[in-house]
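Just so it is clear, none of the values below were taken in a lab; they were calculated from the coordinates. Only a predicted model underlies this, so the values are computations on that prediction, with no experimental measurement involved. Reconstructed Cβ throughout: ideal geometry from the backbone, glycine too, with neighbour counts over all protein chains shown.
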Amino acid sequence: MARTTAITGAGSGIGAATARAFLDAGWRVALMGRRPAPLEEVAAGNPDALVVPADVSDADQVDRAFATLVQGLGRLDVLFNNAGVFPAAATIDETDPAEWRRVVDINLTGAFLCARAAFAQMRAQRPQGGRIINNGSIAAHVPRPRSVAYTATKHAITGLTRALSLDGRDFDIACGQIDIGNARTPMVEALSRRDPQPTMDVADAARAVLHMAELPLEANVQFMTLMATKMPYIGRG
């Protein structure tokens, strides 16, 4: 039986590139995101692609989406917890509390809700187990200036990854995190217009996620840092 994965934020950027990489590798893929049209574009009529629109910050929508994907795919082997937003640059005193809550709701609570639903399915299915891969960021280590909300959520994703790794051990559920720096996506291109930096092909990030997913459950990439070689992350830059 073909392996199955759910990818959140699958309509654009890293999510879309990863979805295409999994489909090309013969996986069955549930494409999750708020807007159906971009998901349909990524699916491109592929019979192994299942479009499952959902707002990851809404618990009811997430539960319904995972019920739909399990009905369509039969089981869930991998979740790539990828959905996220990067708000407009602002110092903390310029950050509206409503915008803070929006970023936390999508980047952190959304990851929790999807991991929760995936974990429950992986625990209940037979054979038991699966893998959750969280999309962190270089911001999980060091921030960009004027990015307090985004940076705080990505640091929190690391804590979520560590806790899930422990909770999953008794149920053959592995959890790892990939921290990606400057893959060429619309979001990074927008950031680069104000802060030019070296970038890398988003397809390289997708291949790295696929590598993590294809390991046997007895092995796990706990944390992977993948970045444009010349980005100013190591050292003073």
The long-range amide H neighbours of residue 79, using H built 1.01 Å from N in the peptide plane and a cut-off of under 5 Å, are 6, 131, 132, 133
Between residue 223 and residues 5 or more places away or on another chain, the pairs with built amide H atoms under 5 Å apart involve 177
Once both label points are put 7 Å beyond Cα along the C-beta direction, the residue 233-residue 201 separation in nm becomes 1.9 nm
Once phi for every residue in the range 117-122 is put through the Karplus expression 6.51 cos²θ - 1.76 cosθ + 1.60 (θ = phi - 60°), the whole-Hz ³J(HN,Hα) values, with Gly and Pro written as x, are 5, 5, 4, 4, 5, 5
Between the modelled labels at residue 167 and residue 116 (7 Å from Cα along Cα→Cβ) the distance in nm is 0.9 nm
Rounded to whole Å, √(5λ) for the Cα gyration tensor eigenvalues of the range 95-195, largest first, gives 29, 15, 11
Cα gyration tensor of the range 4-227 diagonalised, 5x eigenvalues square-rooted, in angstrom largest first, produces semi-axes 26, 19, 17
Sequence order, the range 139-154: Karplus ³J(HN,Hα) from phi using 6.51 cos²θ - 1.76 cosθ + 1.60, θ = phi - 60°, Hz rounded, Gly and Pro as x, gives 5, 6, 10, 9, x, 7, x, 6, 9, 4, 5, 4, 4, 4, 5, 6
